[in-house]
Structures are given as C-alpha cells and as structure tokens.
Amino acid sequence: MNVEVERHTGIGEILAKVRTGTRRMTPEETEAAGRRGALVVDTRTEHQRQEQGEIPGSLVIDRTVLEWRLDPLSDARIPEAVDHDLEIIVICRQGYSSSLAAASLRAIGLWRATDMIGGVEAWQRAGLPLTSGPADVRH
C-alpha cells in the first residue's frame with residue numbers, strides 16, 4: 001500500500017518566504033519615507049488605532065480592500081494610486097500581517113511595496129509620534 005502524506009505549509013514558513021529578498025523598513029526609515037512622499041498605509045483595526053494611536057500622515061485602508069484601493073488598474077483605487085512604481089509601506093500592529101499584505105501588493109505589480117518591521121509596537125518603542133486622530137481613512 002502506497003500512501004502519500006500531504007504536506008501542509010505553516011504560516012511561519014509562508015511568512016519567511018514572502019519576506020525573502022524584501023527590504024523591510026525600520027520605524028525611522030518608514031517615517032522618513034513618508035516625509036519624502038511614500039504611501040504609509042495602516043491596516044490596523046479601528047479598535048487597535050484607538051488603543052495605540054494614529055501614525056501621522058498615514059492612510060488607513062482596511063486589509064479587506066487593500067489591493068483594490070492601491071491597484072492603479074482598479075476602478076476602486078484611491079487617487080494616490082497613480083502607477084505601479086509607488087513606494088508603499090504597509091503597517092500593522094506587530095509586523096506580521098503587513099508582510100503578507102505587502103507581498104499581495106507586489107503580486108499585483110506594486111513592486112516597491114514593503115512593510116515596517118515590528119509594526120506600530122516598534123514605532124512606539126522608537127518614540128516616534130502618534131496622535132489621537134483624526135485618521136485619513138479610505139473606504
């Protein structure tokens with residue numbers, strides 16, 4: 001009897017794969033990139049943003065619509081999504097889901113998409129500014 005065992009890939013392996021060859025940003029690099037015009041995109045939930053604060057100058061885009069809002073070919077894109085050469089830095093709470101989101105953006109041709117190491121928790125530890133809002137929320 002020849003039984004094949006199906007191999008499942010865990011999230012840790014997937015995360016390592018999508019980060020391979022990607023230059024992720026530190027909080028300080030992310031802040032500087034935002035000042036020079038990069039799109040800093042916060043995908044945290046409203047509750048997380050209320051709890052931790054808002055990142056000045058960031059755009060808030062729900063993870064469920066991220067690709068549609070940033071794809072320059074999408075009818076649902078935001079005005080800033082002008083071409084595939086955009087520098088985009090995705091931020092989440094701890095820097096895990098943002099890696100997966102940035103990989104998804106690269107898969108649709110946004111080749112400069114990356115994420116911030118450590119998420120907003122690292123931003124806080126670096127002593128970078130947070131505000132109580134209002135946030136620039138894009139639906």
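Here, each number is a calculation from the coordinates, and none is a lab measurement. Source: prediction; values computed, not measured. Because the Cβ atoms are built from the backbone with ideal geometry, glycine has one as well, and the counts that use them run over all protein chains shown.
So here's what we get for this one:
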{"read-out": "Selection from the range 60-94 of residues that are touching a residue at least 60 places away in the same chain (Cβ under 8 Å) and either part of a loop (DSSP other than H, G, I, E, B) or basic (Lys, Arg) (or both)", "value": "ASP62, ARG69, ILE78"}
{"read-out": "Checklist (1) within 17 Å of PRO129 (Cβ to Cβ); (2) assigned to a loop (DSSP other than H, G, I, E, B) applied to GLU29, failing item", "value": "(2)"}
{"read-out": "Residue match in the range 73-92 (condition: basic (Lys, Arg) and under 24 Å from GLU28 (Cα atoms))", "value": "no"}
{"read-out": "Residue that is nearest to PRO72 (Cα to Cα) [pool: residues in the range 111-134 that are assigned to a loop (DSSP other than H, G, I, E, B) and in contact with a helix residue (DSSP H, G or I) (Cβ under 6 Å, 6 or more places away or on another chain)]", "value": "ALA113"}
{"read-out": "In the range 83-96, the residues that are surrounded by fewer than 18 Cβ atoms within 10 Å (Cβ to Cβ) and closer than 16 Å to VAL40 by Cβ", "value": "GLU87"}
{"read-out": "Some residue of the range 26-44 being among the polar types (S, T, N, Q), surrounded by 16 or more Cβ atoms within 10 Å (Cβ to Cβ) and in contact with a Ser or Thr (Cβ under 7 Å, 6 or more places away or on another chain)", "value": "yes"}
